[in-house]
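A.B. asks: One structure is given below, represented as structure tokens, and several questions about it will come after.
Please treat every number below as a calculation from the coordinates, not as lab data. The model shown is predicted, which means the values in this text are computed figures rather than measured ones. Positions of Cβ are backbone-derived with ideal geometry, glycine not excepted, and every protein chain shown enters the neighbour counts.
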Amino acid sequence: MPHTSGMAYVEIGVSDAARSLDFYRGQLGLRPAESTPEPPTPGVHWLDAGGALVKLVVGEGEGGDPLGGWIRDDLQRGMRHFGMKVGDVYRRAERLKAAGVPFTLEPLRAVGDVNIAFFTDPDGTLLEIIDGHLTYHEVTTPDLVERERRLAEARSPEAEPVFDHVALTSGDLEASLAYYRDRLGYPVIGRLVHEGDRRGFVIDYLQAGDAVLEVFTFTAETAPAPDPARDRLGLRAVGLAGDPGRDVDPDGVPLRNAVAG
């Protein structure tokens with residue numbers, strides 16, 4: 001079914017279609033999408049991740065920096081990672097490790113009382129798996145918190161990964177909220193404050209259709225996002241169901257108009 005509101009897909013650049021399809025379909029269990037927002041295009045592969053789609057775009061990146069300036073530091077503004085809900089983080093992590101998938105963060109109990117782990121796809125795209133439901137420090141929309149709890153409690157420990165969220169770092173929370181909350185209508189679910197993080201790390205969670213947008217902010221100084229005009233592997237863009245009204249968000253995240261085809 002085409003997505004009619006919120007986040008429709010995340011776009012990821014890959015260097016080898018066969019290798020990446022084996023990873024996303026074979027290791028993560030995503031399925032070929034039956035309905036896509038765009039006509040078929042050579043080098044583009046659409047996968048159904050449950051809450052939204054994953055768009056794999058075959059490319060090479062640029063020279064010696066295939067990720068196009070993206071670095072693994074959340075103080076860099078722009079897209080940070082793509083996250084999926086699973087039934088059991090520890091079980092899924094063991095399966096991925098057995099297949100040789102490299103982890104950047106081993107499974108652990110995180111702030112918000114959920115289990116998380118981070119790993120990378122074959123081209124270095126940062127991915128997260130998460131189980132359970134968040135215990136927010138500040139709740140803005142109780143109905144959405146309750147919805148999240150019900151979905152988590154209904155999820156089997158053996159459940160395959162499904163699209164949960166895209167995380168971005170913002171240099172100006174008010175500007176991000178003015179765009180995503182006020183212009184696009186994504187309600188704020190709640191907030192987590194990472195006490196003890198010397199960077200002053202806070203996450204605000206917005207409901208973007210069936211998916212979630214995680215907005216990271218810091219009291220520490222942040223660095224500019226990668227140039228959105230550069231070709232890159234890894235996290236490339238977010239597709240929104242409807243006209244985003246601009247090509248990039250306030251922090252340089254490339255935006256696509258996901259009009260159902």
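A.B. asks: In nanometres, what is the gap between the two model label sites at S15 and R191, each 7 Å from Cα along Cα-to-Cβ?
C.D. replies: For S15 paired with R191, the spin-label model returns 4.1 nm.
A.B. asks: Right, here's the next one. What order do you get for R155, R19, R198, R236 when you list them from fewest to most C-beta neighbours inside 10 Å?
C.D. replies: Placing the least packed residue first, the sequence is R198, R19, R155, R236.
A.B. asks: Separation between the T41 and V139 pseudo-spin-labels, each 7 Å from Cα along Cα→Cβ, expressed in nm?
C.D. replies: So the two model labels end up 4.2 nm from each other.
A.B. asks: Provide Rg over Rh for the chain; use the alpha carbon set for both Rg and the Kirkwood Rh (inverse mean inverse pair distance).
C.D. replies: Across the chain, the Cα-based Rg/Rh ratio is 0.93.
A.B. asks: Could you give the size of the charge dipole of the chain about its Cα centre, using +1 on the Cβ of each K and R and -1 on the Cβ of each D and E, expressed in debye and rounded to the nearest 20?
C.D. replies: 340
A.B. asks: Using Cα pairs closer than 8 Å and at least 6 residues apart in sequence, work out the relative contact order for the range 141-261, in percent.
C.D. replies: 22
A.B. asks: Continuing with the same structure: Residue farthest toward the positive end of the dipole of the chain, with Cβ of Lys/Arg at +1 and Asp/Glu at -1: which of P187, N257, F119?
C.D. replies: Of the candidates, F119 comes out farthest on the positive side.
A.B. asks: Any idea what the relative contact order of the chain is, in percent, if you count C-alpha pairs under 8 Å spaced at least 6 apart?
C.D. replies: 28
A.B. asks: Taking 7 Å along the Cα-to-C-beta vector as the label spot, tell me the R149-R25 distance in nanometres, rounded to one decimal.
C.D. replies: Using points 7 Å along Cα→Cβ, the separation is 4.0 nm.
A.B. asks: Shape of the range 1-44 from its Cα gyration tensor (a ≥ b ≥ c, root eigenvalues): rounded if a/c is under 1.5, otherwise prolate when a/b > b/c, or oblate?
C.D. replies: prolate
A.B. asks: Another one. If you put +1 on each Lys and Arg Cβ and -1 on each Asp and Glu Cβ, how big is the dipole of the range 86-201 around its Cα centre, in Debye rounded to 20?
C.D. replies: That gives the range 86-201 a dipole magnitude of about 60 debye.
A.B. asks: Restricting the count to DSSP beta bridges whose residues both fall in the range 7-257, what percent are antiparallel, rounded to a multiple of 5?
C.D. replies: 70
A.B. asks: Need one word for the range 1-92: rounded, prolate or oblate. Basis is the Cα gyration tensor (sqrt eigenvalues a ≥ b ≥ c); a/c below 1.5 gives rounded, then a/b vs b/c decides.
C.D. replies: In terms of gyration-tensor shape, rounded.
A.B. asks: On to the next question. Which of L75, L126 has the fewest other C-beta atoms within 10 Å, and how do the rest follow up to the most?
C.D. replies: By the 10 Å Cβ count, ascending: L75, L126.
A.B. asks: Give, in nm to one decimal, the length gained when the segment between D247 and D231 is fully stretched (0.36 nm per residue of separation minus the Cα-Cα distance).
C.D. replies: Here the segment from D247 to D231 would lengthen by 4.3 nm.
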